Every structure is written in structure tokens, then in C-alpha cells.
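The values are calculated or read from the model by the stated rules, or taken from the named source; none is laboratory data. Keep in mind that this is a model prediction, so the values were computed, not measured. Every residue, glycine among them, receives a Cβ derived from its backbone with ideal geometry; neighbour counts consider all protein chains shown.
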Amino acid sequence: MSHSLLIAFVMFATVMFFTPGPNNIMLLSSGLTYGFRPTIPHIMGITVGFAFMVGAVGLGLGTVFIAYPILQTILKYAGVAYLVYLAWAIAMSEPPSAEQDSRRGRPMTFWGAAMFQWVNAKGWVMVIGTITAYAAIAAYPWNIAIQVGLSLILGILSCTAWALFGTALRPVLTSRRAVRAFNILMAVLLLASLYPVFMDA
């Protein structure tokens with residue numbers, strides 16, 4: 001195993017996981033709006049979903065996208081449409097109250113967050129960078145196992161940190177107006193994260 005390549009991969013993955021992107025922005029907003037505990041399924045869905053995507057692409061699913069590039073295009077624009085919808089949902093969300101219908105105002109579910117990874121533009125950049133640039137981290141298939149394992153560790157750390165950051169803002173942003181303004185800002189940032197997608201079009 002190339003230790004220098006492993007260190008480079010950890011540095012790359014750490015930067016990509018902890019920097020703002022659709023997942024982290026949504027976790028920040030969810031932590032503020034719903035609190036940390038209700039956001040745990042969202043955290044786990046992102047972590048497991050992304051690690052699974054790394055494993056699936058590393059073990060050969062990526063060849064399907066090479067053979068049928070139209071599938072990547074479809075996923076990209078489906079992701080854009082879904083992110084626009086999520087931005088609207090975040091902008092409209094408010095802290096749940098006792099008067100609200102218990103069926104409304106819930107954070108993203110485990111499966112929703114896991115499936116979202118497949119239409120997340122930043123997620124695809126991370127997966128492609130991880131698989132192509134750091135494939136020589138070890139002999140196949142151990143390189144994929146290492147990348148999946150590190151993705152799980154870094155994913156849970158970064159997702160937890162962003163959700164806790166949002167939760168820590170709850171005592172500061174106490175009024176509904178402040179929470180609404182914050183969520184609108186998060187929605188705008190989420191839409192801004194689509195910029196690289198359109199530049200790549």
C-alpha cells in the first residue's frame with residue numbers, strides 16, 4: 001500500500017466531506033429546525049448511502065455510466081430538479097410546534113437521504129475523484145474496501161458535526177422569523193451549490 005497515496009486520499013476526502021455542499025447545508029438546516037436526535041436518520045442515510053455508492057461504482061457500476069453516458073445526464077438533471085425542490089422545502093420550513101400536524105415537518109428519512117446521494121452532484125464529484133485518483137491506494141478490491149471504510153468514518157464525523165452546528169444555533173435563533181430567514185439563506189446556498197453542475201453542462 002502506498003502510504004503517501006493513502007494520506008493524500010484522507011486529505012482529499014476530509015476536505016470534500018467537511019466543506020459546504022447539499023448534504024451539509026441540509027443537515028445544518030435540519031439540526032436547527034428539528035434538533036439533533038430527529039436528524040440522526042438523515043445523518044445515517046447520507047453516510048451509508050454515500051459509502052455504498054463508492055463501493056458500487058468502485059466495483060464496476062461506473063462502467064455502466066461509461067457505456068451509457070445518457071444515464072449520467074439523466075441523473076444529473078434529476079438531481080438538479082430534486083435540489084430545487086429541497087431548497088423550496090427548506091425555505092418554507094419552520095420549527096415544529098405542538099399545533100402542527102405530526103405528519104408534517106419531519107426531517108429527511110434514512111432511505112430518502114441514502115437515495116439522494118445518487119442525484120447529488122457534489123457526491124458524484126467525490127466518488128469519481130475517489131475512485132479514479134486513488135485507485136492505487138491498495139490492490140483491488142482492497143482499495144475499494146479502504147475507500148468505503150474511510151468514507152463511512154469521515155461521513156459520520158462530518159455529518160454529525162454539521163447537524164450539531166445547526167442544533168447549537170437553536171438557542172441563538174429563537175424566533176420563527178429568525179429560523180425562517182436562516183432557512184431561506186440555506187436554501188439560497190443550496191441552489192448556489194448547483195453552479196458547478198451548470199458550468200459542466
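Exactly one residue out of Arg177, Arg170 is in a helix (DSSP H, G or I), over 15 Å from the mean Cα position of the chain (by Cα) and farther than 18 Å from Ala78 by Cα: that is Arg177. Here Ser151, Ser175, Ser193 are screened, and the one residue that is among the small types (Gly, Ala, Ser), in contact with a Pro (Cβ under 9 Å, 6 or more places away or on another chain) and farther than 19 Å from Arg37 by Cα is Ser193. Checking each residue of region 96-113 against the condition of being modelled with pLDDT of 80 or more, buried (at least 18 other Cβ atoms within 10 Å of the Cβ) and not in a loop (DSSP other than H, G, I, E, B) gives at least one match. Annotation: of all residues in region 14-45 being of a type in the set (S, T, N, Q) and in contact (Cβ under 8 Å) with a residue 12 or more places away in the chain, the one that is nearest to Val148 (Cα to Cα) is Thr14.
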